[in-house]
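The values are calculated or read from the model by the stated rules, or taken from the named source; none is laboratory data. Just so it is clear, the structure is predicted and the values come from calculations on it, not from any experiment. Cβ coordinates were reconstructed from backbone atoms using ideal geometry, including for glycine residues, and neighbour counts include every protein chain displayed.
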């Protein structure tokens, strides 16, 4: 079996892949995440593939996973906040409304010469509705420091961030940053010999 590489420094993605018993190595991409793409689906798939492809030159006979998550609200793509003030602005914008979370995932395989032999991308979309947020709740959350490294300035898995979410439509783990269900379904098609269920048993 090829070595498995996660081309992401996200502790949330690492935790989710650990959760399902995947044996992998973390090797974050240093690629500059710049794109002129405005379609959210094409953007997250493009950036996920960029990350996986960037890391691929470092590993032979490898299976590399790249991922990228964005929030879209009123057709505006929202990434990570620049600072606490920006986080407050973003959270106020998301208050009492529904937004979409898109995660793109890329699979890349390399041969013994570190050349890419196969690649595949897909995405997952989840709708998230926030209740009306009080300024003091937003400020308390920002003081925790948690929003600053997350798309949309919140984490649904956070102690305080979870309190903002009124309901979701779709995959919860996609909002955390990695759609486990879709990942496993796509993995079985891309690498039929890899069965996590069998491994767990």
(message) If a residue must be in contact with a helix residue (DSSP H, G or I) (Cβ under 6 Å, 6 or more places away or on another chain) and farther than 21 Å from residue 10 by Cα, how many such residues does the stretch 92-119 contain?
(response) 2
(request) Go through the stretch 120-134 residue by residue and tally those that are loosely packed, with under 15 Cβ neighbours inside 10 Å and in contact (Cβ under 8 Å) with a residue 12 or more places away in the chain. (result) 3
(message) If a residue must be surrounded by fewer than 17 Cβ atoms within 10 Å (Cβ to Cβ) and either assigned to a loop (DSSP other than H, G, I, E, B) or modelled with pLDDT under 90 (or both), how many such residues does the stretch 28-56 contain?
(response) 11
(message) Just the residues that are part of a strand (DSSP E or B), more than 22 Å from the chain's Cα centre (by Cα) and closer than 17 Å to residue 29 by Cα, please, taken from the stretch 105-126.
(response) 110, 116
(message) Filter the stretch 57-90 down to the residues that are surrounded by 19 or more Cβ atoms within 10 Å (Cβ to Cβ), within 16 Å of residue 29 (Cα to Cα) and touching a residue at least 40 places away in the same chain (Cβ under 8 Å) and list them by number.
(response) 59, 62, 63, 64, 65, 66, 67, 69
(request) Could you list, in sequence order, all residues of the stretch 57-80 that are in a loop (DSSP other than H, G, I, E, B) and over 28 Å from residue 91 (Cβ atoms)? (result) 57, 58, 59, 60, 61
(message) Name the residue that is surrounded by the most Cβ atoms within 10 Å (Cβ to Cβ), counting only residues in the stretch 146-173 that are farther than 19 Å from residue 70 by Cα and touching a helix residue (DSSP H, G or I) at 6+ places or on another chain (Cβ under 9 Å).
(response) 160
(request) Please specify each residue of the stretch 51-64 satisfying the condition of being at negative phi and touching a strand residue (DSSP E or B) at 6+ places or on another chain (Cβ under 7 Å). (result) 51, 52, 53, 55, 56, 59, 60, 62, 63, 64
(request) Can you confirm whether the stretch 142-150 contains a residue that is closer than 23 Å to residue 51 by Cα, outside any strand (DSSP E or B), within 13 Å of the chain's Cα centre (by Cα) and touching a residue at least 60 places away in the same chain (Cβ under 8 Å)? (result) yes
(request) State all residues of the stretch 91-101 that are in a strand (DSSP E or B) and surrounded by fewer than 23 Cβ atoms within 10 Å (Cβ to Cβ); if no residue qualifies, say none. (result) 98, 99, 100
